Amino acid sequence: MTLTQVLLVDDEDQMRRATSQALDLAGFGVSEFNAAERALDYVSFGFAGVVITDIRMPGMDGMTLMTRIHEIDPEIPVILITGHGEVQLAVRAMREGAYDFVEKPFATGRLTEIVRRAAERRQLVLENRLLRAAAGQRDDLEQRLVGRSAAMIELRSRLRTVGPTNADVLLMGATGVGKEVTARALHDFSPRASRPFIAINCAALPLTLIESELFGHELGAFPGAMRARFGRFELAQGGTILLDEIGAMPLDVQAKLLRVIEERKVSRLGSNEEYQLDVRFIATSKTDLAERVAEGAFREDLFYRLNVVTLHVPPLSERREDVPLLFLKLVQEAAVRHQRDPRPVPEQVIAAVAARDWPGNVRELRNAADRYGLGLGLQFEDGAADAAPPQRLSARVAAYEKQVIADALAAHGGSLKPVYESLGLSRKSLYEKMQKHGLDRRGFLSDAGGPG
């Protein structure tokens, strides 16, 4: 029987080790972390375990870690460890989605019982997802990669085909289009979903430490190497490695990376011993790597090795029809993230969003949605703002009615019967209102089509 995986995050070494030993004796598989950032590498949509984290930590604290985890999958159980006098904070965390909390000092028996219940709940969630998939129900790709444009339908279709394989993938796309979101979807659709997803920003790695970061090193491998260290590749064993902006990687490191990809073997700096590497590589680039090859800035052999499966993540300029739907989703997400009531989005705001170019793509659109959700209006990053006059009450009511019907159509994949039943309308009334607001059910059909 596979052990339930527990990610234990606590910066206090003695407390972390004692808790880890207790959980190990209770039959759980425990991975320890003294910083929250490293634990995130092991969290995915298919993560089959539980996260335990202290609230008070330097750097990323436990509350922020919980928020980041729930952005990946809101149904991952997160258990918080609180200090004396932090119960109010823990109660607030429960309202924000924490599974449970324990207050220091705690009985290990109580913690293991909470973990056991959380693990059972997580297992049930994953089993239900499998059952829904087996029954032919839609997965969550429509929620992750929003859009009804032909470009997005094609991308989701290819993800569903390539995701379950072990093929290495190259993701091409401009800044802000969502390449990392796409990479995570590939990982979560693969047999490696329960293993680590290690994201490496090739453009941000310091040149003097890049090989040590990737491959690890032994004690004394170079001046300052006071102890042996695992490399990022080794930490990803069994999972997926995302090489973000691979075009920025130095040529000499590209040569070593090529060998790793071809042979799936790695040795730490200062060691002659090689170990087998069981990972899937996903690389991203905002620049045309073929052009980089022609310029002599990227190895041709590495390019062809990565170019077996290439997916293009389209910019918003290639799917302008998706912008209104995506903006509405991002406004809703902003309300949840900032604990605000969802703000209505009137028709003139949607029109202004749809008419605008978004050179920063989804990232820029998300920033605009955040500002709107915070009540700052439709402010753009170039300083422009929405100066449309306030609508009359009748126009606001009509816009609200249109949005409610559109949301219901989207929720039911364009199927009309559940829409008019859920809204308490007759079929004839729904047709009339859809005609009045210019809504076409065909624009809301799931990728596989839907019933009438």
### Task
Scan the stretch 290-306 and give yes if some residue there is closer than 30 Å to residue 398 by Cβ and crowded, with 19+ Cβ neighbours inside 10 Å, otherwise no.
no
### Filter result for residue 19 (surrounded by 18 or more Cβ atoms within 10 Å (Cβ to Cβ), modelled with pLDDT of 85 or more and either over 26 Å from residue 143 (Cα atoms) or charged (D, E, K, R) (or both))
yes
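Matching residues to (1) closer than 30 Å to residue 359 by Cβ; (2) in contact with a Phe, Trp or Tyr (Cβ under 7 Å, 6 or more places away or on another chain):
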site: 169; (1), (2): yes, no
site: 181; (1), (2): yes, no
site: 188; (1), (2): yes, yes
site: 207; (1), (2): yes, no
site: 223; (1), (2): no, no
site: 230; (1), (2): no, no
site: 243; (1), (2): yes, yes
site: 249; (1), (2): yes, no
### Summary
Selection over the stretch 72-102 where residues are part of a helix (DSSP H, G or I) and closer than 14 Å to residue 39 by Cβ yields a count of 1
### Task
Filter the stretch 24-41 for residues that are in contact with a Lys or Arg (Cβ under 8 Å, 6 or more places away or on another chain) and surrounded by fewer than 20 Cβ atoms within 10 Å (Cβ to Cβ) and give the result.
26, 32, 34
### Query
Counting just the residues of the stretch 110-128 that are modelled with pLDDT under 90 and of a type in the set (A, V, I, L, M), which one comes out surrounded by the most Cβ atoms within 10 Å (Cβ to Cβ)?
126
### Task
Kindly list the number of the only condition in (1) at pLDDT 85 or above; (2) surrounded by 14 or more Cβ atoms within 10 Å (Cβ to Cβ); (3) not acidic (Asp, Glu) that fails for residue 417.
(2)
### Query
Does residue 14 satisfy the criteria of being in contact with a strand residue (DSSP E or B) (Cβ under 9 Å, 6 or more places away or on another chain), in the same structural domain as residue 126 (by TED's automatic domain parsing), of a type outside the set (Gly, Ala, Ser) and without any contact (Cβ under 8 Å) to a residue 12 or more places away in the chain?
no
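Step by step: first the residues of the stretch 260-283, then only those that are in contact with a Leu (Cβ under 9 Å, 6 or more places away or on another chain) and in a helix (DSSP H, G or I), then the one that is nearest to residue 310 (Cα to Cα). Which residue is that?
261
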### Message
Given the options 141, 131, name the one that is at pLDDT below 85 and either surrounded by fewer than 17 Cβ atoms within 10 Å (Cβ to Cβ) or in contact with a His (Cβ under 7 Å, 6 or more places away or on another chain) (or both).
### Response
131
#### Entry: From 257, 207, residue being more than 25 Å from residue 31 (Cα to Cα) and in a loop (DSSP other than H, G, I, E, B)
207
### Message
residue 332 - would you say it is at pLDDT 90 or above, more than 16 Å from residue 171 (Cβ to Cβ) and either part of a loop (DSSP other than H, G, I, E, B) or polar (S, T, N, Q) (or both)?
### Response
no
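Being at pLDDT 85 or above and surrounded by fewer than 19 Cβ atoms within 10 Å (Cβ to Cβ) narrows it down to one residue among 381, 364, 401; which is it?
None of the others qualify; the one that does is 401.
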### Query
If you scan the stretch 335-350, which residues turn out to be of a type in the set (A, V, I, L, M, F, W, C) and either outside any loop (DSSP other than H, G, I, E, B) or in the same structural domain as residue 95 (by TED's automatic domain parsing) (or both)?
335, 336, 349, 350
### Task
Check the stretch 152-163 and report whether any residue there is in a loop (DSSP other than H, G, I, E, B), outside the structural domain of residue 364 (by TED's automatic domain parsing), touching a residue at least 12 places away in the same chain (Cβ under 8 Å) and of a type in the set (S, T, N, Q).
no
### Residues that are closer than 28 Å to residue 185 by Cβ and of a type in the set (Val, Ile, Thr), drawn from the stretch 47-86
50, 51, 52, 53, 64, 67, 69, 72, 76, 78, 79
#### Entry: Selection from the stretch 338-358 of residues that are surrounded by fewer than 14 Cβ atoms within 10 Å (Cβ to Cβ) and touching a residue at least 40 places away in the same chain (Cβ under 8 Å)
339, 344, 357
### Summary
Expected output for the stretch 406-424 (first residue polar (S, T, N, Q), partner surrounded by fewer than 19 Cβ atoms within 10 Å (Cβ to Cβ) and not in a helix (DSSP H, G or I), Cβ below 6 Å, 6+ apart or cross-chain) is 415/450; 415/451
#### Entry: The lone exception for residue 242 - which of (1) surrounded by fewer than 16 Cβ atoms within 10 Å (Cβ to Cβ); (2) not in a helix (DSSP H, G or I) it fails
(1)
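The values are calculated or read from the model by the stated rules, or taken from the named source; none is laboratory data. In this text, all values refer to a predicted model and were calculated from it rather than measured experimentally. Note that each Cβ is placed from the backbone with ideal geometry, even for glycine, and that neighbours are counted across all protein chains shown.
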